[in-house]
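Colleague: Take a look at this one; I'll ask things after.
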Amino acid sequence: MLRKKIVAGNWKMNNDIHETNGLIKDLLNESNSTNCQVMIAPSFISLQSSVTMLSDSKIEVVSQTMHHENNGAYTGEVSAKMLSSIGVKTTILGHSERREYFKETHDMLKLKVNKALENSMDIIFCFGEELKDRKSENHFSVISNQISESLFHLKKSDWTNIVLAYEPVWAIGTGETASSYQVQEMHNFIRTFVAKKYNTQLAESVSIIYGGSVKPGNAKEIFSMQDVDGGLIGGAALNSKDFFSIVNSF
(Lines give C-alpha, C1' and ligand atoms only; values in the text may rest on other atoms or scores of the structure.)
Protein backbone atom coordinates (compact mmCIF):
# COMPACT_ATOMS: atom_id res chain seq x y z
CA MET A 1 0.00 0.00 0.00
CA LEU A 2 1.36 3.40 -1.01
CA ARG A 3 1.61 5.86 1.85
CA LYS A 4 0.01 9.28 1.42
CA LYS A 5 2.44 12.13 0.79
CA ILE A 6 1.28 15.12 2.82
CA VAL A 7 2.32 18.75 3.23
CA ALA A 8 0.32 20.55 5.92
CA GLY A 9 0.66 24.24 6.77
CA ASN A 10 0.06 25.10 10.43
CA TRP A 11 -0.69 28.83 10.53
CA LYS A 12 -0.73 28.93 14.35
CA MET A 13 -2.07 32.23 15.79
CA ASN A 14 -1.41 34.23 12.64
CA ASN A 15 -3.61 35.99 10.05
CA ASP A 16 -6.91 37.74 10.73
CA ILE A 17 -9.82 37.00 8.39
CA HIS A 18 -8.66 39.48 5.73
CA GLU A 19 -5.08 38.17 5.75
CA THR A 20 -6.42 34.60 5.65
CA ASN A 21 -8.59 35.31 2.61
CA GLY A 22 -5.65 36.98 0.87
CA LEU A 23 -3.30 34.07 1.56
CA ILE A 24 -5.88 31.55 0.35
CA LYS A 25 -6.28 33.49 -2.90
CA ASP A 26 -2.50 33.39 -3.31
CA LEU A 27 -2.48 29.66 -2.60
CA LEU A 28 -5.16 29.10 -5.23
CA ASN A 29 -3.02 30.98 -7.76
CA GLU A 30 0.04 28.88 -6.87
CA SER A 31 -1.68 25.48 -6.74
CA ASN A 32 -2.00 23.46 -9.90
CA SER A 33 -1.18 19.79 -10.13
CA THR A 34 0.62 18.50 -7.04
CA ASN A 35 2.07 15.12 -6.15
CA CYS A 36 0.85 15.18 -2.56
CA GLN A 37 -2.09 15.97 -0.31
CA VAL A 38 -2.03 19.65 0.68
CA MET A 39 -3.56 20.91 3.94
CA ILE A 40 -3.77 24.23 5.75
CA ALA A 41 -4.70 24.93 9.38
CA PRO A 42 -5.95 28.51 9.82
CA SER A 43 -7.26 29.85 13.14
CA PHE A 44 -10.70 28.76 14.38
CA ILE A 45 -12.38 32.03 13.32
CA SER A 46 -11.30 31.46 9.71
CA LEU A 47 -12.09 27.77 9.31
CA GLN A 48 -15.59 28.06 7.85
CA SER A 49 -14.73 30.77 5.32
CA SER A 50 -11.59 28.84 4.36
CA VAL A 51 -13.62 25.68 3.73
CA THR A 52 -15.97 27.72 1.50
CA MET A 53 -13.14 29.39 -0.43
CA LEU A 54 -11.40 26.07 -1.02
CA SER A 55 -14.50 24.00 -1.81
CA ASP A 56 -13.47 23.54 -5.46
CA SER A 57 -9.79 23.00 -4.59
CA LYS A 58 -7.83 19.93 -3.55
CA ILE A 59 -6.45 21.87 -0.56
CA GLU A 60 -7.96 20.54 2.67
CA VAL A 61 -8.73 22.78 5.66
CA VAL A 62 -7.83 21.26 9.05
CA SER A 63 -8.01 22.48 12.65
CA GLN A 64 -5.03 23.20 14.90
CA THR A 65 -6.59 21.39 17.88
CA MET A 66 -9.98 20.41 19.38
CA HIS A 67 -11.55 19.61 22.74
CA HIS A 68 -12.06 16.10 24.12
CA GLU A 69 -15.85 16.47 24.57
CA ASN A 70 -18.59 17.06 21.99
CA ASN A 71 -20.22 19.82 24.08
CA GLY A 72 -20.41 21.19 27.61
CA ALA A 73 -19.29 23.97 29.94
CA TYR A 74 -15.85 24.45 28.39
CA THR A 75 -15.68 28.18 27.72
CA GLY A 76 -13.69 29.07 24.63
CA GLU A 77 -13.26 25.50 23.40
CA VAL A 78 -14.22 23.94 20.05
CA SER A 79 -15.37 20.34 19.62
CA ALA A 80 -14.95 17.70 16.91
CA LYS A 81 -18.71 17.81 16.38
CA MET A 82 -18.54 21.56 15.68
CA LEU A 83 -15.61 21.11 13.31
CA SER A 84 -17.35 18.32 11.44
CA SER A 85 -20.45 20.48 11.05
CA ILE A 86 -18.53 23.05 8.95
CA GLY A 87 -16.74 20.45 6.83
CA VAL A 88 -13.45 20.16 8.72
CA LYS A 89 -12.52 16.47 8.70
CA THR A 90 -8.98 16.53 10.11
CA THR A 91 -7.41 17.92 13.29
CA ILE A 92 -3.85 18.39 14.51
CA LEU A 93 -3.36 16.98 18.03
CA GLY A 94 -0.40 17.02 20.42
CA HIS A 95 1.53 19.89 18.84
CA SER A 96 4.59 20.78 20.93
CA GLU A 97 3.20 24.23 21.65
CA ARG A 98 -0.06 22.73 22.96
CA ARG A 99 1.94 20.35 25.15
CA GLU A 100 4.20 23.12 26.46
CA TYR A 101 1.95 26.20 26.80
CA PHE A 102 -1.38 24.51 27.50
CA LYS A 103 0.00 21.55 29.47
CA GLU A 104 -1.67 18.90 27.32
CA THR A 105 -0.81 15.51 28.81
CA HIS A 106 -0.68 12.02 27.32
CA ASP A 107 -4.02 11.21 28.97
CA MET A 108 -5.67 14.38 27.68
CA LEU A 109 -4.43 13.68 24.16
CA LYS A 110 -5.70 10.09 24.41
CA LEU A 111 -9.18 11.49 25.14
CA LYS A 112 -8.90 13.88 22.19
CA VAL A 113 -7.78 11.08 19.88
CA ASN A 114 -10.76 8.97 20.97
CA LYS A 115 -13.23 11.83 20.45
CA ALA A 116 -11.84 12.68 17.00
CA LEU A 117 -12.17 9.05 15.91
CA GLU A 118 -15.72 8.85 17.33
CA ASN A 119 -16.54 11.78 15.05
CA SER A 120 -14.88 10.08 12.03
CA MET A 121 -12.12 12.68 11.90
CA ASP A 122 -8.57 12.13 10.70
CA ILE A 123 -5.75 13.05 13.05
CA ILE A 124 -2.27 14.50 12.53
CA PHE A 125 -0.68 13.39 15.80
CA CYS A 126 2.43 15.37 16.82
CA PHE A 127 5.25 14.41 19.16
CA GLY A 128 8.91 15.28 19.61
CA GLU A 129 11.78 15.57 22.04
CA GLU A 130 13.39 18.66 23.54
CA LEU A 131 17.10 19.55 23.30
CA LYS A 132 17.83 18.15 26.79
CA ASP A 133 16.36 14.79 25.67
CA ARG A 134 18.50 14.73 22.55
CA LYS A 135 21.67 15.72 24.40
CA SER A 136 21.10 13.08 27.09
CA GLU A 137 20.43 10.52 24.32
CA ASN A 138 16.99 9.94 25.78
CA HIS A 139 15.18 10.92 22.59
CA PHE A 140 14.05 7.47 21.47
CA SER A 141 12.43 6.68 24.82
CA VAL A 142 10.69 10.09 24.92
CA ILE A 143 9.22 9.50 21.45
CA SER A 144 8.14 5.91 22.14
CA ASN A 145 6.47 7.07 25.36
CA GLN A 146 4.57 9.91 23.65
CA ILE A 147 3.28 7.55 20.95
CA SER A 148 2.44 4.56 23.13
CA GLU A 149 0.70 6.54 25.92
CA SER A 150 -1.73 8.29 23.56
CA LEU A 151 -2.10 5.93 20.59
CA PHE A 152 -1.31 2.32 21.44
CA HIS A 153 -4.78 1.65 22.87
CA LEU A 154 -6.17 1.97 19.33
CA LYS A 155 -7.42 -0.90 17.19
CA LYS A 156 -5.58 -1.64 13.95
CA SER A 157 -8.52 -0.30 11.96
CA ASP A 158 -8.27 3.09 13.72
CA TRP A 159 -4.84 3.69 12.20
CA THR A 160 -6.30 4.43 8.76
CA ASN A 161 -7.27 7.80 10.33
CA ILE A 162 -3.84 8.55 11.84
CA VAL A 163 -0.92 10.52 10.40
CA LEU A 164 2.16 10.79 12.61
CA ALA A 165 4.12 14.06 12.76
CA TYR A 166 7.61 14.06 14.27
CA GLU A 167 8.63 17.55 15.38
CA PRO A 168 11.92 17.77 17.29
CA VAL A 169 11.30 20.75 19.57
CA TRP A 170 15.04 21.47 19.67
CA ALA A 171 15.11 22.10 15.91
CA ILE A 172 12.31 24.68 15.81
CA GLY A 173 13.40 28.32 16.04
CA THR A 174 16.51 27.50 18.09
CA GLY A 175 19.26 27.81 15.51
CA GLU A 176 19.82 24.05 15.84
CA THR A 177 18.94 21.95 12.81
CA ALA A 178 18.32 18.25 12.38
CA SER A 179 20.32 16.57 9.63
CA SER A 180 18.48 14.49 7.06
CA TYR A 181 20.21 11.47 8.63
CA GLN A 182 18.77 12.32 12.07
CA VAL A 183 15.30 12.79 10.56
CA GLN A 184 15.42 9.45 8.70
CA GLU A 185 16.84 7.67 11.75
CA MET A 186 13.92 8.82 13.92
CA HIS A 187 11.24 8.19 11.29
CA ASN A 188 12.60 4.67 10.82
CA PHE A 189 12.59 4.14 14.60
CA ILE A 190 8.94 5.31 14.76
CA ARG A 191 7.85 3.00 11.95
CA THR A 192 9.66 0.04 13.54
CA PHE A 193 8.12 0.86 16.93
CA VAL A 194 4.59 0.86 15.45
CA ALA A 195 5.35 -2.41 13.62
CA LYS A 196 6.39 -4.09 16.88
CA LYS A 197 3.09 -3.13 18.52
CA TYR A 198 0.86 -3.95 15.52
CA ASN A 199 2.49 -5.36 12.38
CA THR A 200 4.77 -4.37 9.53
CA GLN A 201 1.93 -3.98 7.04
CA LEU A 202 0.17 -1.41 9.25
CA ALA A 203 3.43 0.43 10.01
CA GLU A 204 4.31 0.65 6.32
CA SER A 205 0.90 2.15 5.54
CA VAL A 206 1.12 4.99 8.10
CA SER A 207 2.33 8.36 6.82
CA ILE A 208 5.01 9.93 9.02
CA ILE A 209 5.62 13.61 8.27
CA TYR A 210 8.37 15.87 9.60
CA GLY A 211 7.83 19.15 11.44
CA GLY A 212 11.23 20.61 12.26
CA SER A 213 11.71 23.88 10.36
CA VAL A 214 11.12 22.60 6.81
CA LYS A 215 11.92 25.33 4.27
CA PRO A 216 12.16 25.57 0.46
CA GLY A 217 15.92 25.09 0.74
CA ASN A 218 15.88 21.79 2.66
CA ALA A 219 12.50 20.23 1.75
CA LYS A 220 13.71 18.21 -1.23
CA GLU A 221 16.50 16.51 0.72
CA ILE A 222 14.28 15.78 3.73
CA PHE A 223 11.41 14.47 1.59
CA SER A 224 13.80 12.16 -0.27
CA MET A 225 14.38 10.14 2.91
CA GLN A 226 12.78 6.68 2.75
CA ASP A 227 10.56 7.03 5.82
CA VAL A 228 9.64 10.72 5.46
CA ASP A 229 6.22 11.18 3.89
CA GLY A 230 5.95 14.97 3.94
CA GLY A 231 6.04 17.90 6.29
CA LEU A 232 4.14 19.89 8.89
CA ILE A 233 5.14 23.43 7.98
CA GLY A 234 5.12 26.45 10.30
CA GLY A 235 6.58 29.80 9.25
CA ALA A 236 7.07 28.93 5.58
CA ALA A 237 3.35 28.10 5.29
CA LEU A 238 2.50 31.79 5.71
CA ASN A 239 4.05 32.61 2.33
CA SER A 240 2.27 31.03 -0.64
CA LYS A 241 5.37 30.84 -2.84
CA ASP A 242 7.50 29.28 -0.11
CA PHE A 243 4.73 26.86 0.83
CA PHE A 244 4.21 25.63 -2.72
CA SER A 245 7.94 25.44 -3.27
CA ILE A 246 7.91 22.91 -0.41
CA VAL A 247 4.80 21.16 -1.79
CA ASN A 248 6.49 20.81 -5.17
CA SER A 249 9.62 19.30 -3.60
CA PHE A 250 8.09 15.84 -4.07
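Colleague: Could you identify the single residue in Glu167, Glu137, Glu176 that is closer than 19 Å to Thr105 by Cβ and either of a type outside the set (A, V, I, L, M) or in contact with a strand residue (DSSP E or B) (Cβ under 9 Å, 6 or more places away or on another chain) (or both)?
Modeller: On the way: Glu137 fails: closer than 19 Å to Thr105 by Cβ; Glu176 fails: closer than 19 Å to Thr105 by Cβ.
Unique residue meeting the criteria: Glu167.
Colleague: So in the stretch 78-132, with the set limited to residues that are out of contact with any strand residue (DSSP E or B) (no Cβ under 9 Å at 6 or more places or on another chain) and among the small types (Gly, Ala, Ser), which one is farthest from Glu176 (Cα to Cα)?
Modeller: Within the stretch 78-132, the match that is farthest from Glu176 (Cα to Cα) is Ser85.
Colleague: If you don't mind, another one. With the requirement that a residue be modelled with pLDDT of 95 or more, farther than 21 Å from Phe152 by Cβ and among the charged types (D, E, K, R), what does the stretch 189-238 give you?
Modeller: Hits for the stretch 189-238 are Lys220, Glu221.
Colleague: State the number of residues belonging to the stretch 192-235 that are among the aliphatic types (A, V, I, L, M), within 20 Å of Ala178 (Cβ to Cβ) and either free of Cβ contacts under 8 Å to residues at least 24 places away in the same chain or in contact with a Leu (Cβ under 6 Å, 6 or more places away or on another chain) (or both).
Modeller: Number of matching residues: 2.
The values are calculated or read from the model by the stated rules, or taken from the named source; none is laboratory data. Remember, it's a predicted structure, so these values are computed and weren't measured experimentally. Using ideal geometry, Cβ is built from the backbone for each residue, glycine included, and neighbour counts are taken over all protein chains shown.
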